[in-house]
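Notes follow once the structure below has been shown.
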Amino acid sequence: MGAKANLVNGTTKVMSGVDSVVIRQYIGGIAGGATLDMTDFKDDVIKAGHLVIRTLDEDGNYTYKPMPVADKAYKALPASHEYVGVVVCSKMASEPMVAIMDNGRVNDKAMPYPLTTEMRTAVKTALPNLIFEHD
């Protein structure tokens, strides 16, 4: 079974001032977004531009997760996972219901973590309609 989230929460303030800088143009994404499995995610906020991956669980359902990070950088793509897009708006990690963009323009210099050359190539192959650019 996939990740679950509480839909009834108190008021929380997330500083999302750079979200519109990171997401330059939203063209399309996963309909309805997804609730991310935040296991092993240590930050309080998942920021706009964070890579999202998925894997099939034992029941044949997709489990969506933030790309793992360590030492202020993305880790390698875990086995049996695939890239599916980027987070559109910053959200509290405790409320991981996010919009996921797979078609549009992302400011790669404003992303929360840098993309390595190898990772950029893999993401472009998996998501050809997601364009990484900057000024």
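Rule-based calculations on the coordinates, nothing more; no lab input. Remember, predicted model here, so these are calculated numbers, not experimental data. Quick reminder, even Gly has a Cβ in these numbers, built from the backbone with ideal geometry, and neighbours come from all protein chains shown.
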Query - Pairwise FRET efficiency - Thr116 versus Ser80, Cβ, R0 = 22 Å, nearest 0.05 - result: 0.60
Report summary line: Residue separation between Ala126 and Ile27 times 0.36 nm, minus their alpha-carbon distance, gives in nm 34.0 nm
Query raised in the report: Going by how many other beta carbons lie within 10 Å of each one, how would you line up Ser80, Ser20, Ser90, fewest first?
Result: Ser80, Ser20, Ser90
Query raised in the report: Projected onto the charge dipole of the chain (+1 at Lys/Arg Cβ, -1 at Asp/Glu Cβ, origin at the Cα centre), which of Gly60, Tyr74, Ile27 gives the Cα projection farthest towards the positive end?
Result: Ile27
Query raised in the report: How big is the antiparallel share of DSSP beta bridges in the chain, given as a percent to the nearest 5?
Result: 85 percent
**Report entry** Volume per residue of the C-alpha convex hull in the range 18-133, rounded to whole Å³
**Finding:** 104 Å³
Report task. State the number of lysine pairs found in the chain whose Cα atoms come within less than 15 Å, restricting to pairs 8 or more positions apart or on distinct chains. Result -> 14
Report summary line: Under the helix-only model (-39500 (n - 2.57) for each DSSP H run of 4 or more, divided by the residues of the chain), the mean residue ellipticity at 222 nm, to 500 deg cm²/dmol, is -2500 deg cm²/dmol
Requested in this report: Would you mind counting up the charge near Gly28? Only other residues with Cβ under 13 Å from its Cβ, with Lys and Arg at +1 and Asp and Glu at -1.
Outcome: 0
Query raised in the report: In debye, nearest 20: dipole of the chain around its Cα centre with unit charges on the Cβ of K, R (+) and D, E (-)?
Result: 320 debye
Query raised in the report: Over the range 16-84, how many percent of alpha carbon pairs lie in each 10 Å bin up to the one with the longest distance?
Result: 17, 48, 32, 4
